[in-house]
Amino acid sequence: MHVILLAGGRGTRLHPLTQDLPKPMVPVVNRPWLHHLLEIVGRLPIVDIRCAVHYRWEAIRNIKWSSIRGNVPVELVVEREALGTGGAIRNAANGVTMTFMVLNADIVPGMDLCELLERHRKIGADCTIALTQVEDPSAYGVVELSPDGRILRFVEKPAPGTAPSNLINAGVYVMEPYILDSIPQGRPISVEREIFPQLIEQGARIYSYISPAYWNDIGTPKGYLSTHWDILQDRMPIRFPDGLSLHNGKEDIRVGRRVRIDSGARLIGPVLLGDGCVIRSGAVVGPNAVLGPDVKIGNRSIVQNSVIWAGAQIGDNSMVEECIIGYNTIVEDRSTARAELIPSRGLWRDTARPAIV
């Protein structure tokens, strides 16, 4: 079968971190998310992988594909203009003549993709849409089902308390190639809002696959951070970078090579430190902290519930909480950052702190 990864979005919900970086390349436990996703789909009987790209696609082009997927061909299908999910599928699936699977590249699918494929074939569906349950479906497209699992309709972002179910589109689809005939070619179109409802009206066999397995959306700050904490606590099996060891034998504190932890510094798990990190005296890192390679935490600073990308530096006597901090960023001494998305390669100062004269 073919696999199509939809990786062309602008990542606006993570802006400004994604200003120069395509969303599928954001680091998750210090490896680009696309690396993880390729390993997940690698469990399928694949003919090839087609990656639909648009925004900042050159960064994706520089991946060493052979080191990730072995001998499975991976093709980048570049959209010169953004085509939406439907247009991207139609463009990337050019020439496909067999069953294919589509995944949004910003979701974390813990479901058994082989089981999803098997259900699709067993039920004889034209298209199968993976669904997941959420507590509050009002921010999503909700699905109403028949007793046998056939999808009857979609309700886009229902008002709180009015949704027909708490089942939402998980961003994973199995399709037969003739479905492509229903998608106009060469123009932007949404498969979720336009193509699927149209197919249901026409009587197509659109079925659901409901999975209780782990699912998350790394395209939002909340989802990005919570995915890290879930991985650190083994709720979602993801391969960590090579070369990690347990700090003082503690299973929830993983550290890379050449890490320096000064006397008086404390690590409170779960924590992941990349290669070359430096934690100065009196600093406290954790709980829930992931530091990329060569991150430096200053004297008496506190970092918790945060992900800090490679090369960033946190000054002395600073507080970082619920933040995502970009590559090679410097946070000034005596700063307090809470719930911030701090862009890469800049100097960040706490504007609420009076200047020292």
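The values are calculated or read from the model by the stated rules, or taken from the named source; none is laboratory data. Note that the coordinates shown come from a computational prediction; the quantities given were computed from them, not determined experimentally. Virtual Cβ from ideal backbone geometry, glycine too; neighbours counted across all protein chains shown. Each accessible area value is taken on the protein alone, full model and side chains, heavy atoms only, with ligands, DNA and RNA left out. Shrake-Rupley method; radii C 1.70, N 1.55, O 1.52, S 1.80 Å.
Full-extension gain between M98 and S190, please, as 0.36 nm times their residue separation minus the C-alpha to C-alpha distance.
Computed gain between M98 and S190 is 30.9 nm.
In deg cm²/dmol, rounded to 500, what helix-only [θ] at 222 nm does the chain give when every DSSP H run of at least 4 residues adds -39500 (n - 2.57) and the total is split over its residues?
Helix-only estimate at 222 nm: -4500 deg cm²/dmol.
How much accessible area per residue does the stretch 65-202 have, in Å², with a 1.4 Å probe?
Ligands and nucleic acids excluded, the result is 47 Å² per residue.
Can you give me the accessible area per residue for the stretch 204-335, using a 1.4 Å probe, in Å²?
Heavy-atom SASA per residue in the stretch 204-335 reads 39 Å².
Mind giving me the nanometre distance, one decimal, between the label points for R205 and R235, set 7 Å out from Cα along Cα→Cβ?
Reported label-point gap for R205 and R235 is 3.7 nm.
May I ask you to list the lysines whose Cα is less than 22 Å away from that of K296, ignoring any residue fewer than eight positions away on the same chain?
K250
Report the extension gain between V155 and I46 in nm, rounded to one decimal, defined as 0.36 nm multiplied by the number of residues separating them, less their alpha carbon distance.
Stretched out fully, the V155 to I46 stretch lengthens by 35.9 nm.
Using 0.36 nm per residue of separation minus the Cα-Cα distance, give me the extension gain between N317 and R80 in nm, one decimal.
Taking 0.36 nm per residue and subtracting the Cα distance, the gain is 80.6 nm.
Report for the stretch 41-186 the percent antiparallel among DSSP-assigned beta bridges with both residues inside it, nearest 5.
75
Nearest-5 percent of antiparallel DSSP beta bridges in the chain?
30
With each label point set 7 Å from Cα along the Cα-Cβ vector, what nm distance links T220 and Q133?
Result: 1.9 nm between the two label points.
Please compute the modelled spin-label separation between N248 and E115, points set 7 Å along Cα→Cβ, answer in nm with one decimal.
Placing both labels 7 Å beyond Cα along the Cβ direction yields 4.0 nm.
Which of K250, K222, K23 moves most in a GNM of the chain, Cα contacts under 10 Å?
K250
Is there a pair in K23/K157; K122/K222; K122/K157 whose C-alpha atoms are over 29 Å apart, and which pairs would that be?
Exceeds cut-off: K122/K222; K122/K157.
Rounded to the nearest percent, how much of the accessible area of the stretch 299-357 (1.4 Å probe, protein heavy atoms only) is carbon and sulfur?
For the stretch 299-357, the apolar C and S fraction of the accessible surface comes to 48 percent.
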